1. Out of curiosity, is Thr97 closer than 30 Å to Ser154 by Cβ and either hydroxyl-bearing (Ser, Thr, Tyr) or not assigned by TED's automatic domain parsing to the domain that holds Pro144 (or both)?
2. Within the stretch 1-28, how many residues are modelled with pLDDT under 75 and aromatic (Phe, Trp, Tyr)?
3. Which is farther than 30 Å from Lys119 by Cα and either part of a strand (DSSP E or B) or modelled with pLDDT of 80 or more (or both), of Arg84, Arg31, Arg55, Arg96?
4. Residues to consider are Pro144, Pro62; find the one that is assigned by TED's automatic domain parsing to the domain that holds Val44 and either more than 16 Å from Phe12 (Cα to Cα) or surrounded by 12 or more Cβ atoms within 10 Å (Cβ to Cβ) (or both).
5. Tell me yes or no: at least one residue of the stretch 100-118 is in a helix (DSSP H, G or I), over 30 Å from Ala35 (Cα atoms) and either outside the structural domain of His19 (by TED's automatic domain parsing) or modelled with pLDDT under 75 (or both).
6. Report yes if Met64 is in a helix (DSSP H, G or I), modelled with pLDDT under 80, of a type outside the set (Gly, Ala, Ser) and over 21 Å from the mean Cα position of the chain (by Cα), otherwise no.
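The values are calculated or read from the model by the stated rules, or taken from the named source; none is laboratory data. What you see is a predicted model, and the numbers here were worked out from it, not measured in a lab. No Cβ is skipped: glycine too gets one built from the backbone with ideal geometry, and neighbour counts run over all protein chains shown.
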Amino acid sequence: MQINYQLNEKDFVEAYGVHRNRTPFKKWSMRFLIAFVGFMAVLVVVGALTDHSQRAAMNLLPLMGLIAFWISFLWVLPRWNMRRQFRKQPGAQGPRTVTLDADGAHWRWDGGSGDIAWKNYIRWIEGKNQILFYTSPVCFNILPIEGLPSQQISDIRELLEQNIQVVK
């Protein structure tokens, strides 16, 4: 089966999110951390509101700085980095083709190609709009599936389930 596509910045950003949340532990630990920090922030703000002194208001400044840092570290920086990575990687831009057959995945793009046998993939993960093909714990190829017919997506899943270990 042959699929023609073109990657964009959105694909890179979303792929990073899928990669970051690739295991239930990583997904839920991040959510727990965010909920915990949010709960602590609410406690500090409530404490400052009940104590009407200037010192209580000054105690909020480090908290606001910490919240700004975490928002930047968890959301802004990764998105900025993935957009920058896409823009500085000529091989990721332009039309691409992947052919999936019994031997493996055959990737073609302007300026290069790669033929990877199924035995070299260690796992695959499906996100909302893409499938990631892993050749190492952190190295993956992105296949956008947004806009593909549902039957073709089902055929891709079936082929991957037959040839690559599934990680849930």
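1. On the way: closer than 30 Å to Ser154 by Cβ: yes; either hydroxyl-bearing (Ser, Thr, Tyr) or not assigned by TED's automatic domain parsing to the domain that holds Pro144 (or both): yes.
Yes; evaluated as a whole, the condition is true for this residue.
2. The initial filter retains those residues of the stretch 1-28 that are modelled with pLDDT under 75, namely 21-28.
Right, trim to aromatic (Phe, Trp, Tyr) and you get 25, 28.
Summing the residues that are modelled with pLDDT under 75 and aromatic (Phe, Trp, Tyr) in the stretch 1-28 gives 2.
3. Working: Arg31 fails: either part of a strand (DSSP E or B) or modelled with pLDDT of 80 or more (or both); Arg55 fails: either part of a strand (DSSP E or B) or modelled with pLDDT of 80 or more (or both); Arg96 fails: farther than 30 Å from Lys119 by Cα.
Among Arg84, Arg31, Arg55, Arg96, only Arg84 is farther than 30 Å from Lys119 by Cα and either part of a strand (DSSP E or B) or modelled with pLDDT of 80 or more (or both).
4. On inspection, the qualifying residue turns out to be Pro62.
5. Taking the stretch 100-118 as the starting set, the residues that turn out to be in a helix (DSSP H, G or I) are 118.
Narrowing the set further to residues that are over 30 Å from Ala35 (Cα atoms) leaves 118.
The next check asks that each one be either outside the structural domain of His19 (by TED's automatic domain parsing) or modelled with pLDDT under 75 (or both); those that pass are 118.
Yes - at least one qualifying residue is present in the stretch 100-118.
6. Numbers: in a helix (DSSP H, G or I): yes; modelled with pLDDT under 80: yes; of a type outside the set (Gly, Ala, Ser): yes; over 21 Å from the mean Cα position of the chain (by Cα): yes.
Considered against the rule, which asks whether it is in a helix (DSSP H, G or I), modelled with pLDDT under 80, of a type outside the set (Gly, Ala, Ser) and over 21 Å from the mean Cα position of the chain (by Cα), Met64 comes out as yes.
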